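Comments concern the structure below.
Where a number appears in this text, it was derived from the coordinates with a stated rule and is not lab data. Keep in mind that this is a model prediction, so the values were computed, not measured. Counting neighbours? That spans all protein chains shown, and the Cβs are built from the backbone with ideal geometry, glycine included.
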Amino acid sequence: MRSQEQGARLRGWADTAYYSNLPSAVASFLYKTLVITELEVRKLRHDSTDLFTRAIQPALWLLVFGQVFTRTRAIPTGNLRYLDFMAPGILSQSVLFISIFYGLSIIWERDLGVVHKFLASPTPRTALVLGKALSAGVRGLAQAVIIYALSLALGVAIDWSPLSLAGVLLVVVLGAGSFSVLSLVIACLVKTRERFMGIGQMITMPLFFASNAIYPVSMMPGWLQVIAHVNPLTYEVDALRTLMLDASPSTYGIGLDMGVLLAALTVLTAVAAKLYPSVVV
C-alpha cells in the first residue's frame, strides 16, 4: 500500500515538473526555430537577386497571358475580370516555384558538412525543419510584394484592408512553408541534386495546372477536379483570391482553406523531421 502511495506521489511530482517546465521548453523550441530561420534569411540578404529573377516568370504571366485572356474573355470568371481572377493564382504560383526547389539547399548543406553540424547540435529536428519552412515564408512574402506592385500597376481591384493584408501574409507563409517542407522530404529521399531537380520540375507544373490558379475548377474534367480537391494549392489560391480581391467569395471557406494548409504543413513537417537525419547518409 505504501509503495503504491509513493508511486502515485512520484508520478504527481513528475507531472508537476513536466508542466512547470513546459513553457520554458516551448520557448526554447521557438527560439531555436527562429535561429534557423534567421540563418536562412541571412543567405537571402547576401544574394537578393534570386527573388527578382524568380519574379520574372510570374510577371510575364500577368503582363502577357493575363492581358490577352482578359481581352478574349475565353474563361468564365463571373463578375471578375480575368486579370483580377488570375492575380492571386500567379502569387500562389510564384510562392510554389520558390518553395518547391528549397530542398536543394539541404543537399548542398550535406555536401558542405553543414547538416552534420546541425544534427550534432541540441536543436530538435522539428525546429530545423520549421525554421527552414519559415524562411521560405519570408521569401514568399517578398514575392507577394512584387505581385501586389504589378497588380496595382495593372489596375487589379485589390482589397487593401489591414485584415485582408494580414490574411494574405498568413496564407503565403503557410503555403510557402508547406511546399518547402514537401521539397525537404523529396531532398531527404533522393539525396542527389540531379534527381531532386528532375522530380521538382516534374511535380511543379502538375500542381499548378491541377489547381484553380488560372481557371475555375468547374471547367476541369471530372478526374482533374478530384485531383484539384486534394491539391493544397487549390485551397491556397482560394484563400488568396478571397482575401486579395474586393468582390470574390470563397469557394470552400477561409476556415477550410487555412485548415488544409495548416494540416499539410503539420503532416509534412512530421515526415520531414523523421527523414531529416537520413540526409547525411
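Annotation: the residues 147, 36, sorted from fewest to most other C-beta atoms within 10 Å of their own C-beta, follow the order 36, 147. Whole-Hz Karplus values for the stretch 30-41 come out as 5, 4, 5, 4, 5, 5, 4, 4, 5, 4, 6, 5 Hz, taken residue by residue from phi with 6.51 cos²θ - 1.76 cosθ + 1.60 and θ = phi - 60°; glycine and proline positions read x.
Shown for 111, 238, 159: other C-beta atoms within 10 Å of each C-beta, ranked fewest to most, produce the order 111, 159, 238. Packing here is the average count of other Cβ atoms within 10 Å per residue, and on that basis the peptides 97-106, 127-136, 165-174, highest first, run 127-136, 97-106, 165-174. What separates the Cα centres of the stretch 249-275 and the stretch 66-93 is a distance of 26 Å.
For a Förster distance of 22 Å, can you work out the FRET efficiency between the beta-carbons of residue 145 and residue 30, rounded to the nearest 0.05?
Details: r = 26 Å, r/R0 = 1.17.
Taking R0 as 22 Å, the efficiency between residue 145 and residue 30 is 0.30.
Classify the stretch 128-234 as rounded, prolate or oblate, taking a ≥ b ≥ c as the square roots of the eigenvalues of its Cα gyration tensor: rounded when a/c is under 1.5, otherwise prolate if a/b is larger than b/c and oblate if not. Taking the square roots of the gyration eigenvalues as a ≥ b ≥ c, the stretch 128-234 is oblate.
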